[in-house]
Amino acid sequence: MSIVIVFFDEYLSMLKRTLHSIVNRTPRGLLQEIIMVNDNSTLPELYEPLTNYCENNFGKLVRFREMKERSGMIKARLEGAHMANGEILVFFQAQIF
């Protein structure tokens, strides 16, 4: 399966916890990839540290798509879906609660 997570100006720590939770709780044979779609976040301290962290901790399991302009949840999810290689798509919404 492919998991698509759309995010916009989320806390870096929350996104890291989300990724570790997915990887630790999903059987590796089921998880083909995680696609992180950045819906044009405005926080400069978010995107580059997140991509570096994922590269160092998850290798090629996590892929990124950066939207050129804010497009909203549905369009961003569709962008992630177009990138997906898995037979099953799972969508997560990154939100601050």
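What accessible area per residue comes out for the stretch 1-43, rounded to a whole number of Å², with a 1.4 Å probe?
Values: 1970 Å² over 43 residues.
Value returned for the stretch 1-43: 46 Å² of accessible area per residue.
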Computed over the chain, the relative contact order (Cα-Cα under 8 Å, seq sep at least six) in percent reads 48
ARG63 long-range amide H proximity, modeled H, under 5 Å:
ILE34, ILE35, MET36
Extension gain (nm, one decimal) between ASN85 and GLU69, 0.36 nm per residue minus Cα-Cα:
3.3 nm
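Return the carbon/sulfur percentage of the accessible area of the chain, one whole number, probe 1.4 Å, all protein chains in place.
After summing per-atom areas, the C and S share lands at 52 percent.
The values are calculated or read from the model by the stated rules, or taken from the named source; none is laboratory data. Owing to the predicted nature of the structure, the values given are computational and were not obtained by experimental measurement. Surface areas here come from the heavy atoms of the whole protein model, side chains and all, with no ligands, DNA or RNA. Shrake-Rupley method; radii C 1.70, N 1.55, O 1.52, S 1.80 Å.
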